[in-house]
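To start, the structure under review is shown below, and the notes come after it.
The values are calculated or read from the model by the stated rules, or taken from the named source; none is laboratory data. Remember, predicted model here, so these are calculated numbers, not experimental data. Here the Cβ positions follow ideal geometry from the backbone for every residue, glycine too, while neighbour counts run over all protein chains shown.
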Amino acid sequence: MNKWSLLNGLALAYIGDAAYELRIREYLLTTGKIKPNQLHRLATQFVSAKAQSHLIAALVAAEQLNEEEIGFFKRGRNAKSHTSAKNADIQTYRMSTGFEALMGYLYMSEQSDRLEELTHWCIQRIEEDFNVS
């Protein structure tokens, strides 16, 4: 058993938030956008609690996740947090925490290809569903 598999959902969400956001920032830079305000506004559309909650629901509905991945999502979603998002209700916040825990699990277990695959799927989904480009 790896040490990362013992991490609680909030610890996985902590690292997953960073891993996912870094990939989003890399993606945005590859699109040729370089103005900091524009980059920040666009990044928020991909990494906000609302966006992440939407994405995890879409991933589950589209049956994109295996049982183990769903388990790590649930570990994050069900974790007891003493904080909440500034601009989200508790259900949205918990779903986004679950999304981040899933990303953290993939990152910590060194499943880079799977992390990239899901990130790419999420980017396409946000661009389609929210008309972001």
Qualifying positions in the range 58-69 - out of contact with any Phe, Trp or Tyr (no Cβ under 9 Å at 6 or more places or on another chain) and not in a helix (DSSP H, G or I): Glu63, Asn66
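Restricting the search to the range 63-100, which residues are of a type in the set (A, V, I, L, M) and either touching a strand residue (DSSP E or B) at 6+ places or on another chain (Cβ under 9 Å) or under 17 Å from Lys50 (Cβ atoms) (or both)?
First, the residues of the range 63-100 that are of a type in the set (A, V, I, L, M): 65, 70, 79, 85, 88, 90, 95.
Matches in the range 63-100: Ala85, Ala88, Ile90, Met95.
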Of the listed residues (Leu106, Leu118, Leu102), the one being assigned to a helix (DSSP H, G or I), in contact (Cβ under 8 Å) with a residue 40 or more places away in the chain and farther than 18 Å from Leu10 by Cα is Leu118
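Could you run through the range 1-32 and say how many residues are outside any helix (DSSP H, G or I) and closer than 15 Å to Arg77 by Cα? Talk me through it step by step, then tell me what you get.
Taking the range 1-32 as the starting set, the residues that turn out to be outside any helix (DSSP H, G or I) are 1-2, 7-8, 31-32.
From what's left, closer than 15 Å to Arg77 by Cα: 7-8.
The number of residues fulfilling the criteria is 2.
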Leu55 vs (1) modelled with pLDDT under 95; (2) part of a helix (DSSP H, G or I): all pass except (1)
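Considering the range 33-52 alone, what residues qualify as being in a helix (DSSP H, G or I) and either of a type in the set (Gly, Ala, Ser) or touching a strand residue (DSSP E or B) at 6+ places or on another chain (Cβ under 6 Å) (or both)?
Taking the range 33-52 first, the residues in a helix (DSSP H, G or I) are 36-47, 49-52.
Within the range 33-52, Ala43, Ala49, Ala51 meet the criteria.
Within the range 72-83, which residues are surrounded by fewer than 17 Cβ atoms within 10 Å (Cβ to Cβ), in a loop (DSSP other than H, G, I, E, B) and under 16 Å from the mean Cα position of the chain (by Cα)? Talk me through it step by step, then tell me what you get.
First, the residues of the range 72-83 that are surrounded by fewer than 17 Cβ atoms within 10 Å (Cβ to Cβ): 74, 78, 80-83.
Then drop every residue that is not in a loop (DSSP other than H, G, I, E, B), which leaves 78, 80-83.
Listed by number, the list holds a single entry, Asn78.
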For the range 4-25, pairs from a residue that is touching a residue at least 60 places away in the same chain (Cβ under 8 Å) to a residue that is surrounded by fewer than 18 Cβ atoms within 10 Å (Cβ to Cβ) and not in a helix (DSSP H, G or I), with Cβ under 8 Å and 6 or more apart or across chains, are Trp4/Ser109; Ser5/Ser109; Asn8/Ala79; Gly9/Asn78; Gly9/Ala79; Leu10/Ala79; Leu10/Ser81; Ala13/Ala79
Being surrounded by 16 or more Cβ atoms within 10 Å (Cβ to Cβ), at negative phi and not small (Gly, Ala, Ser): is that true of Leu6 here? no
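Here is a check on your reading of the model: is Leu55 within 23 Å of Glu128 (Cβ to Cβ), buried (at least 19 other Cβ atoms within 10 Å of the Cβ) and in contact (Cβ under 8 Å) with a residue 24 or more places away in the chain?
On the way: within 23 Å of Glu128 (Cβ to Cβ): yes; buried (at least 19 other Cβ atoms within 10 Å of the Cβ): yes; in contact (Cβ under 8 Å) with a residue 24 or more places away in the chain: yes.
Yes; evaluated as a whole, the condition is true for this residue.
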Does the range 28-39 include one or more residues that are in contact (Cβ under 8 Å) with a residue 24 or more places away in the chain and crowded, with 16+ Cβ neighbours inside 10 Å? no
